[in-house]
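J.: The following block contains the structure, expressed as structure tokens.
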Amino acid sequence: MRSKILLKAADGKRNQEIADELEITVRTPRRWRDRWAQASAHLTAAETEVTDAQLSELIEALLTDKPRSGAPATFTAEQICRIVAIACEDPQESERPVTEWTPTELADEAVQRGIVSGISPRSVGRFLKGRRFEAASHPLLVEQ
């Protein structure tokens, strides 16, 4: 989206035109044009001093979100992957009294295996929600 904004701006389009075409607020093209303008002198100088790959990295960094404040992630990517892996197993292999995983059973199993010190069934459900975790025949996670 950001590169589209800048390419349309380079073609001479006004912020309102860009916003209308991309179905975004007018603030967004204004913000990214301003950011590009602030960095243009640095990028122009870099063109003669760095390799194409390094210039690409500079442009990518410019188009990437700046770090924001906020709470750190509660669970690491590795923990989430391990919980998803449990959901792919047969619950009876873990001596669970169910034939299909539920969010509660997965949360309990993740704690029992020491993957996390604690997790709510709702968090587990969020990790597994959506079509990306469904088998062709049925979902990996059964709602309670």
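J.: So which residues in the range 115-144 are within 11 Å of ILE83 (Cβ to Cβ), part of a loop (DSSP other than H, G, I, E, B) and modelled with pLDDT of 90 or more, if there are any at all?
T.: Hits for the range 115-144 are ILE115, VAL116, ILE119.
J.: Residues to consider are GLU57, GLU21, GLU49, GLU17; find the one that is farther than 30 Å from SER123 by Cβ, within 21 Å of the chain's Cα centre (by Cα), free of Cβ contacts under 8 Å to residues at least 24 places away in the same chain and outside the structural domain of VAL116 (by TED's automatic domain parsing).
T.: Matching residue, one of GLU57, GLU21, GLU49, GLU17: GLU57.
J.: Keeping to the range 94-114, report how many residues are assigned to a helix (DSSP H, G or I) and out of contact with any Gly (no Cβ under 8 Å at 6 or more places or on another chain). Reasoning before the result, please.
T.: So in the range 94-114, the residues assigned to a helix (DSSP H, G or I) come out as 94, 103-112.
In the following step, the residues that additionally are out of contact with any Gly (no Cβ under 8 Å at 6 or more places or on another chain) were identified as 94, 104-110, 112.
Looking only at that region, the number is 9.
J.: Anything in the range 85-125 that is exposed (fewer than 13 other Cβ atoms within 10 Å of the Cβ) and among the basic types (Lys, Arg)? List them, or say none.
T.: Correct list: ARG113, ARG122.
J.: Can you pull out the residues in the range 46-72 that are aliphatic (A, V, I, L, M) and part of a loop (DSSP other than H, G, I, E, B)?
T.: Once the filter is applied, which keeps residues that are aliphatic (A, V, I, L, M) and part of a loop (DSSP other than H, G, I, E, B), the range 46-72 yields VAL50, ALA71.
J.: Does ALA19 fit the bill of being in a helix (DSSP H, G or I) and either more than 20 Å from LYS66 (Cα to Cα) or of a type in the set (Asp, Glu) (or both)?
T.: So ALA19 fits the description; yes.
J.: Is it fair to say GLN38 is part of a helix (DSSP H, G or I), more than 30 Å from LEU128 (Cα to Cα) and not basic (Lys, Arg)?
T.: Spelling it out, GLN38 is indeed part of a helix (DSSP H, G or I), more than 30 Å from LEU128 (Cα to Cα) and not basic (Lys, Arg).
The values are calculated or read from the model by the stated rules, or taken from the named source; none is laboratory data. From a predicted model like this one, the values you see are computed outputs, not experimental measurements. No Cβ is skipped: glycine too gets one built from the backbone with ideal geometry, and neighbour counts run over all protein chains shown.
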